[in-house]
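**Student:** My questions all concern the structure below.
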Amino acid sequence: MSPEKTKAKKISTLVMAAYFESLSMLLKAGISANECPGIIGEDMASGRLASVCRALEGLLSGGKVYILSEAMEQSGAFPAYATEMVRLGETSGRLETTAGMLGRYYQRQDALLKNLHGAIRGPLLLLVIMSAVLVFLILFVLPVFEHVFLSLGVSPGGGLGSAFASARIPLVLLGILIVLSLAVAPPYILPSTR
């Protein structure tokens with residue numbers, strides 16, 4: 001628990017799954033926990049995981065930190081749950097098992113996030129398409145009927161005229177709904193960058 005914790009961006013669940021699976025395999029091969037981040041970083045050509053592994057290796061080899069969990073905490077790239085689980089694994093002597101379980105946990109978390117995005121994306125797209133159809137009907141089709149009724153001599157002041165006027169009220173509400181949907185929707189509609 002060092003005071004010089006860096007403010008790094010957290011890595012994604014899929015990247016953490018890959019990191020912990022690799023860590024588990026290396027520990028099973030008999031490599032010490034402090035050497036594993038360097039080896040994992042060397043295997044990665046570039047990317048977020050490679051830079052995090054190089055940072056961990058720098059902390060561990062620089063003599064500032066001697067325990068992997070402390071290096072993970074100081075890097076700021078891992079959530080507290082992962083850091084504490086690694087600390088428990090180191091303390092109990094079961095880091096190999098803990099790393100494997102963390103890898104599977106983060107794989108499940110990533111699958112859950114993808115399913116959640118998929119479940120939200122469909123209805124949200126349907127709402128946007130239905131809104132566009134409704135706007136088209138109110139703006140282009142309804143005025144045609146209004147002109148037809150006027151040419152037949154039906155007065156706009158009657159019940160029909162108020163029906164045409166009241167049809168524009170949902171248009172305003174729909175516009176507000178579309179703006180709110182577009183403000184909230186991009187993270188769920190667009191592919192995840194995580």
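**Student:** Outside any loop (DSSP other than H, G, I, E, B), modelled with pLDDT under 85, open to solvent by less than 70 Å² (accessible area, probe 1.4 Å) and among the β-branched types (Val, Ile, Thr): is that true of residue 120 in this structure?
**Tutor:** So residue 120 fits the description; yes.
**Student:** Okay, moving on. I need a count of the residues in region 31-53 that are open to solvent by 10 Å² or more (accessible area, probe 1.4 Å), under 18 Å from residue 82 (Cβ atoms) and part of a helix (DSSP H, G or I).
**Tutor:** Here the count works out to 3.
**Student:** Now, a different point. Identify, from the list 99, 132, the residue that is within 30 Å of residue 44 (Cα to Cα) and out of contact with any strand residue (DSSP E or B) (no Cβ under 7 Å at 6 or more places or on another chain).
**Tutor:** Result: 99 is the single residue among 99, 132 that is within 30 Å of residue 44 (Cα to Cα) and out of contact with any strand residue (DSSP E or B) (no Cβ under 7 Å at 6 or more places or on another chain).
**Student:** Please work out which one of (1) under 18 Å from residue 103 (Cα atoms); (2) of a type in the set (Lys, Arg); (3) surrounded by 14 or more Cβ atoms within 10 Å (Cβ to Cβ) is the condition residue 28 fails and give its number.
**Tutor:** With (1) under 18 Å from residue 103 (Cα atoms); (2) of a type in the set (Lys, Arg); (3) surrounded by 14 or more Cβ atoms within 10 Å (Cβ to Cβ) applied to residue 28, the lone miss is (3).
**Student:** Out of all the residues in region 10-23, is one or more polar (S, T, N, Q), part of a loop (DSSP other than H, G, I, E, B) and open to solvent by less than 30 Å² (accessible area, probe 1.4 Å)?
**Tutor:** Checked against the condition, which is being polar (S, T, N, Q), part of a loop (DSSP other than H, G, I, E, B) and open to solvent by less than 30 Å² (accessible area, probe 1.4 Å), region 10-23 yields at least one hit.
**Student:** Still on this model: Return the residues of region 75-117 that are open to solvent by 20 Å² or more (accessible area, probe 1.4 Å), within 20 Å of residue 51 (Cα to Cα) and in a helix (DSSP H, G or I); say none if nothing qualifies.
**Tutor:** 80
The values are calculated or read from the model by the stated rules, or taken from the named source; none is laboratory data. In this text, all values refer to a predicted model and were calculated from it rather than measured experimentally. Cβ: placed from backbone, ideal geometry, glycine included. Neighbour counts: every protein chain shown. Accessible surface is based on the protein model in full, side chains and every heavy atom, while ligands, DNA and RNA are left aside. Shrake-Rupley method; radii C 1.70, N 1.55, O 1.52, S 1.80 Å.
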